[in-house]
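Below you'll find the structure, written out as C-alpha cells, and then a few comments.
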Amino acid sequence: MTGDKIWTRLAKLVTTDEIVLHGSRTPGLSLIEPRAPLDFSFDDFSKTTAVYATEDPTWAIAYAIRASTCRSFLNACFYPGATVGEWSERRIFLSYASTEGGQPPFNAGVVYALPRRFFTRMPSYSDPVLGLITECQMISTEPVPVLAEISVRPENLPIVPLLHDFETVSTRAATYSGGFPWLD
C-alpha cells in the first residue's frame, strides 16, 4: 500500500467515532497495556499511566515510526478552542532529534486501531501562547483490545517533520521551560 493509501485507510477508520489510533514500535500486540509515559508537559493528564490514543492519523504514524534511538520527540496535535473541530482546523507540530549524522531517527512501526469507548479525551485548557485548545490526546487507564494493526513506514507520514539538535534544544528547555518548542 502506498503512503497516501495507508494514511487514507487510517483516516477512514477514525471517521466513525468508534475507533482511535495508537502508534507503536511493537508489532503483534492483541492488547495494549497502560504505561507510564516519558513526558515533560506541565499538565498531570499527560503524565498518567495509561494507553494513549488519538483521532489523528498523522500523529499516530509519527509515534509509530519514531526509532528507539530517538533522544527527543517534540510534538503537539490540537484544535484551537474549547471543542473538537473539523479536520481542517487541526494543528500539528512534529520535530525529532536528529542522529549525530543529521539523519531522521525513523524505523518502521505499527498503528493500532482501538475501540474509542475505552478512552477519555484530555480536557481543554488555556495555553499561554495559543489560548484555549483541545488536544487530540485521549487515554485509557485500563488495557485496551486491538481491533486492527496497520504497518507503517516513515514514507507514510504525510508531512515533513522538523529535525532538531538534541543538545541545543535540551539546553534551551532547561533555561526556559515555558518556551516550547525551543527551536528558535
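Derivation of every value follows stated rules applied to the coordinates shown; laboratory data play no part. Quantities reported herein were computed from a predicted structural model and do not represent experimental measurements. Counting neighbours? That spans all protein chains shown, and the Cβs are built from the backbone with ideal geometry, glycine included.
Run a plain Debye calculation on the chain (Cα atoms as equal point scatterers, no solvent) and give log10 I(q)/I(0) at q = 0.09, 0.13, 0.19 Å⁻¹, rounded to two decimals, same order as the q list.
Computed log10 I(q)/I(0) values: -0.31, -0.67, -1.49.
If N is the number of residues in segment 76-184, what value comes out of its Cα radius of gyration divided by 2.2 N^0.38 Å?
So the Cα radius of gyration is 1.27 times the expected 2.2 N^0.38 Å.
For the chain, what is the mean residue ellipticity at 222 nm derived from helices alone (per DSSP H run of n ≥ 4: -39500 (n - 2.57); sum divided by total residues; nearest 500 deg cm²/dmol)?
-5000 deg cm²/dmol
If you average the alpha carbon positions of segment 10-39 and of segment 62-95, how far apart do those two centres end up, in angstrom?
Here the two parts' Cα centres lie 14 Å apart.
Note the direction-averaged projected area, equal to a quarter of the hull surface, for the Cα convex hull of segment 50-132, in nm².
With the hull built on Cα positions only, its mean projection is 6.9 nm².
Could you check the spin-label model distance between Arg117 and Arg71? Points 7 Å from the Cα along Cα→Cβ, value in nm.
The two pseudo-label positions are separated by 4.6 nm.
Would you be so kind as to identify all helices of the chain, as entire DSSP H runs, whose Cα atoms reach 15 Å or more along the helix's own axis and whose mean Kyte-Doolittle hydropathy is at least -0.5?
3-14
To the nearest 0.05, what FRET efficiency results for Asp165 and Thr16 with a Förster distance of 41 Å applied to their C-beta separation?
For Asp165 and Thr16, the calculated efficiency is 0.50.
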